[in-house]
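Visitor: Next up is a structure, given as structure tokens.
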Amino acid sequence: MKTLFFMAAIFTLVLFASCGSNQNLQERAPAQFNQAYYTYNSNGIELNIPVISIQDEIISLDAVYFHGMKSPLLKSEAKPNLYIAQFRMGSGEMVMHEDASQEYGNKPPQLPAESPFSIEQDEAVIVFTQDEKTKYYKLTGIVEKD
């Protein structure tokens, strides 16, 4: 009897744990997206997410997990339908000096941030707010552009 109870408890625990991990991953996109792409620049990676339509008063695109890092999503000033995330790789020019105060402007590389969901190299997880609740959406098919 104890074995049966123990097995039922483990089964229930595994069932709830697996459901809880995908609970916030939304199947429905919070906006209509065009082809997302990323480029490498002197500071690191720039992820561009073109938006066809979004209900700004209901949905706020906040951040994105991509290539093992997390960055805020900012609306482009030049193109209002484009959201951009910058990921610092630490590859930019750095000032190295014996006087540490001369190195003040150096920007460190961005720390890794584990995504709450499993993602591939061509995927990103968008963190957005809807009805004052944080939700997640997996964006797939992201391509690299020169």
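Visitor: Across the range 117-142, what is the total count of residues that are of a type in the set (Ser, Thr, Tyr), outside any loop (DSSP other than H, G, I, E, B) and more than 22 Å from Gln35 (Cβ to Cβ)? Don't jump to the end; show me each part of the working.
Guide: Step one: of the range 117-142, the residues of a type in the set (Ser, Thr, Tyr) are 118, 129, 134, 136-137, 140.
Checking the rest, the ones that are also outside any loop (DSSP other than H, G, I, E, B) come to 129, 134, 136-137.
With the extra rule that they be more than 22 Å from Gln35 (Cβ to Cβ), the set shrinks to 129, 134.
Residues in the range 117-142 being of a type in the set (Ser, Thr, Tyr), outside any loop (DSSP other than H, G, I, E, B) and more than 22 Å from Gln35 (Cβ to Cβ): 2 in total.
Visitor: Right, Glu27: at pLDDT below 95, more than 15 Å from Tyr137 (Cα to Cα) and among the charged types (D, E, K, R) or not? Spell out how you get there, then give the answer.
Guide: Details: at pLDDT below 95: yes; more than 15 Å from Tyr137 (Cα to Cα): no; among the charged types (D, E, K, R): yes.
Considered against the rule, which asks whether it is at pLDDT below 95, more than 15 Å from Tyr137 (Cα to Cα) and among the charged types (D, E, K, R), Glu27 comes out as no.
Visitor: Listed residues Lys145, Lys138; which is within 15 Å of Gln26 (Cβ to Cβ), basic (Lys, Arg) and either at pLDDT 95 or above or surrounded by fewer than 18 Cβ atoms within 10 Å (Cβ to Cβ) (or both)? Before you say what the answer is, go through the steps one by one.
Guide: On the way: Lys145 fails: within 15 Å of Gln26 (Cβ to Cβ).
That would be Lys138, the only listed residue that is within 15 Å of Gln26 (Cβ to Cβ), basic (Lys, Arg) and either at pLDDT 95 or above or surrounded by fewer than 18 Cβ atoms within 10 Å (Cβ to Cβ) (or both).
Visitor: Here is a further query. Can you tell me which residues in the range 44-85 are charged (D, E, K, R) and either touching a Leu at 6+ places or on another chain (Cβ under 8 Å) or within 20 Å of Tyr136 (Cβ to Cβ) (or both)?
Guide: Selection gives Asp56, Asp62, Lys70, Lys75.
Visitor: I'm trying to understand the selection: among the residues of the range 36-46, which are at pLDDT 90 or above and out of contact with any strand residue (DSSP E or B) (no Cβ under 7 Å at 6 or more places or on another chain)?
Guide: Tyr40
Visitor: Quickly run through the range 35-75 and pick out the residues that are part of a loop (DSSP other than H, G, I, E, B) and surrounded by 13 or more Cβ atoms within 10 Å (Cβ to Cβ). Outline the logic, then answer.
Guide: Taking the range 35-75 and keeping what is part of a loop (DSSP other than H, G, I, E, B), we get 35-36, 42-43, 54-58, 67-68, 73.
Within the range 35-75, Ala36, Asn43, Ile54, His67, Gly68, Leu73 qualify.
The values are calculated or read from the model by the stated rules, or taken from the named source; none is laboratory data. In this text, all values refer to a predicted model and were calculated from it rather than measured experimentally. Heads up, the Cβs are rebuilt from the backbone with ideal geometry, glycines too, and the neighbour counts pull from every protein chain shown.
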